[in-house]
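These notes are about the structure you will find just below.
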Amino acid sequence: MKATKYRDYQPGEDQLALFPDISGNTVNGLGQKLRKRPTPLYWFDPDTIPHGKLQKYFYENAGKLAHLRKETSIDQHKRGPTTLADLAAEKQEDTPENWSRRIKEFALANESDLIGITRIKDEWIYEGHEVDDKWIIVVGIAMDQRELAKGPPREEDVSSADEVSKQYNRAARASKAVANWIRSKGWPADARTGPMAGDLIMIPAAIESGMGQLGKHGSVINDVYGASFRLASVTTSLPLVADSPRDIGVDDFCSHCQVCTNTCPPDAIFPEKQLVRGEMKWYVNFDKCIPYFNDTLACGICIAECPWSLPGVAPRLTQKMLRRREKKSRL
C-alpha cells in the first residue's frame with residue numbers, strides 16, 4: 001500500500017454513475033501513437049462533451065461551499081473588463097524584437113509574474129476549434145503555496161479554493177491588460193483567461209515559451225515558483241520573437257521523486273511517462289483524478305506537495321539538478 005498522509009479515496013456511486021462509456025484517458029489520447037489535436041474533455045460547455053455530467057457535478061459540489069467562499073473564479077468584477085477594447089484605427093509599426101520586449105515589460109508591470117512568447121502549433125488547438133493568430137503570449141501568475149497547502153477545500157477551511165480563484169481572477173485581468181495594450185496599437189489580440197479551457201491548450205505553449213517543464217503531476221514546473229502558478233494567455237497576429245524552451249532538470253528529478261504519486265489519494269499519477277497523442281510525457285489518469293477533484297473542489301495536493309513548489313526551493317533545486325547533470329556528463 002502506498003504511503004500517504006491523505007486518506008485513501010474511493011469515488012462514490014453517485015459520481016461513478018455519471019461516467020460515460022468512453023474513458024477520459026481515451027479522449028485524452030492515452031496510448032495513441034499518432035500526433036493529433038486534443039479533444040475537448042473538461043472545462044467546456046458541459047452539454048457538448050461526454051464527461052459533461054461530471055463537470056456539472058463539480059458545479060453542484062462547489063455550490064455547497066459557496067457561502068463560505070471569499071472569492072470565486074466567476075467573480076466577474078474581479079476579472080477585468082467583460083469585453084476587450086476596440087482596435088485602434090491606426091496600426092503602429094515596430095520590430096518584432098521591440099514588440100516582444102515592450103509586451104514583456106508591460107505584462108510584468110501589470111500583474112503578470114511570468115511571461116513567455118511562442119508560435120502557435122496546430123496540435124495545441126482543440127478539435128472543432130480554430131485559431132487564426134500566429135502567436136501566443138503565455139502569462140504565469142504565482143500562487144501563495146502556503147494557502148494552497150491548506151487544501152483540499154472543505155467546510156472547515158476553503159482558503160485554498162479562494163487562493164486558486166484569486167489567482168485565476170488576477171490571470172484574467174493580466175491577460176486582458178496585455179490584449180488591450182496590443183489592441184491599442186492597432187493589432188488584433190484575444191485573451192484566454194482560464195479556468196475554462198478555451199480553444200487551445202496552454203501547458204504545451206507555456207513549455208515551448210520557456211516557462212518551465214512538465215512535471216510528473218501534469219503541471220508545468222518553473223525555476224522560480226515550482227508548480228505553484230496558474231496560466232492565462234493572449235493570442236495575436238502582432239509580429240513577435242519566440243522564446244526558447246528551457247531544460248531546468250525537471251525530468252531528471254521527477255524520474256526519481258515519488259512525492260506526488262505517494263500523496264495522491266486516488267492514485268492517479270503514473271510513475272512513468274506515457275504515450276499520449278504520439279508523445280511520451282508525464283500523464284495523470286483522468287478517470288481516477290476527476291472524482292476526487294470534484295469531491296474536494298479542485299484538490300491541488302500534487303501541486304502543493306511538489307518539492308519544487310515549496311517557497312524558495314525551485315531556484316536552488318534547478319541549480320542542483322543542472323550541476324548534477326553537468327558532473328555526470330564529465331564522467
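Here is a yes/no grid of residues against (1) crowded, with 16+ Cβ neighbours inside 10 Å; (2) modelled with pLDDT of 95 or more; (3) farther than 23 Å from residue 299 by Cα; (4) not aliphatic (A, V, I, L, M):
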position	(1), (2), (3), (4)
222	yes, yes, no, yes
226	yes, yes, no, yes
229	yes, yes, no, yes
242	yes, yes, yes, no
246	yes, yes, yes, yes
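For segment 286-331, what are the residues that are within 25 Å of residue 268 (Cα to Cα) and either of a type in the set (S, T, N, Q) or out of contact with any helix residue (DSSP H, G or I) (no Cβ under 7 Å at 6 or more places or on another chain) (or both)?
Passing the criteria: 288, 289, 292, 293, 294, 296, 309.
Hey, could you check segment 95-131 for residues that are closer than 11 Å to residue 240 by Cβ and polar (S, T, N, Q) and say which is surrounded by the most Cβ atoms within 10 Å (Cβ to Cβ)?
By that ranking, first place goes to 118.
Please go through (1) out of contact with any Pro (no Cβ under 7 Å at 6 or more places or on another chain); (2) more than 30 Å from residue 12 (Cβ to Cβ); (3) surrounded by 19 or more Cβ atoms within 10 Å (Cβ to Cβ) for residue 307 and return the number of the only condition it doesn't satisfy.
Every condition holds for residue 307 apart from (3).
Give me the residue from segment 30-55 that is touching a Pro at 6+ places or on another chain (Cβ under 9 Å), without any contact (Cβ under 8 Å) to a residue 24 or more places away in the chain and under 21 Å from residue 298 (Cβ atoms) and, out of that set, surrounded by the fewest Cβ atoms within 10 Å (Cβ to Cβ).
Only one residue fits best here, namely 52.
Looking at residue 24, is it on the phi > 0 side of the Ramachandran plot and small (Gly, Ala, Ser)? Walk me through how you get there before you give the answer.
Numbers: on the phi > 0 side of the Ramachandran plot: no; small (Gly, Ala, Ser): yes.
No; evaluated as a whole, the condition is false for this residue.
With without any contact (Cβ under 8 Å) to a residue 40 or more places away in the chain, surrounded by 19 or more Cβ atoms within 10 Å (Cβ to Cβ), out of contact with any Cys (no Cβ under 7 Å at 6 or more places or on another chain) and closer than 26 Å to residue 199 by Cβ as the only criterion, which of 289, 254, 299 stands out?
Unique residue meeting the criteria: 289.
Tell me yes or no: at least one residue of segment 183-201 is buried (at least 18 other Cβ atoms within 10 Å of the Cβ), assigned to a loop (DSSP other than H, G, I, E, B), small (Gly, Ala, Ser) and in contact with a Cys (Cβ under 9 Å, 6 or more places away or on another chain).
No - not one qualifying residue is present in segment 183-201.
Just one of the numbered conditions (1) within 15 Å of the chain's Cα centre (by Cα); (2) modelled with pLDDT under 95 is not true of residue 136; which one?
With (1) within 15 Å of the chain's Cα centre (by Cα); (2) modelled with pLDDT under 95 applied to residue 136, the lone miss is (2).
Out of all the residues in segment 164-179, which are of a type outside the set (S, T, N, Q), within 15 Å of the chain's Cα centre (by Cα) and surrounded by 23 or more Cβ atoms within 10 Å (Cβ to Cβ)?
Hits for segment 164-179 are 164, 168, 171, 172.
Of the numbered conditions (1) over 23 Å from residue 169 (Cα atoms); (2) touching a helix residue (DSSP H, G or I) at 6+ places or on another chain (Cβ under 7 Å), residue 82 satisfies every one except a single condition; which is it?
Unmet condition: (1).
Conditions tested, residue by residue: (1) within 19 Å of the chain's Cα centre (by Cα); (2) at pLDDT below 95; (3) of a type in the set (D, E, K, R).
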| position | (1), (2), (3) |
| --- | --- |
| 261 | yes, no, no |
| 269 | yes, no, no |
| 272 | no, no, yes |
| 278 | no, no, no |
| 294 | yes, no, no |
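Write out, first by first residue and then by second, each pair whose Cβ atoms fall under 8 Å of each other, whose residues are 6+ apart or on separate chains, and whose first residue, in segment 84-103, is within 20 Å of residue 192 (Cα to Cα) while the second is assigned to a helix (DSSP H, G or I) and of a type in the set (A, V, I, L, M).
84/179; 103/178; 103/182
The values are calculated or read from the model by the stated rules, or taken from the named source; none is laboratory data. Source: prediction; values computed, not measured. Every residue, glycine as well, gets a Cβ built from its backbone with ideal geometry; the counts of neighbours run over all protein chains shown.
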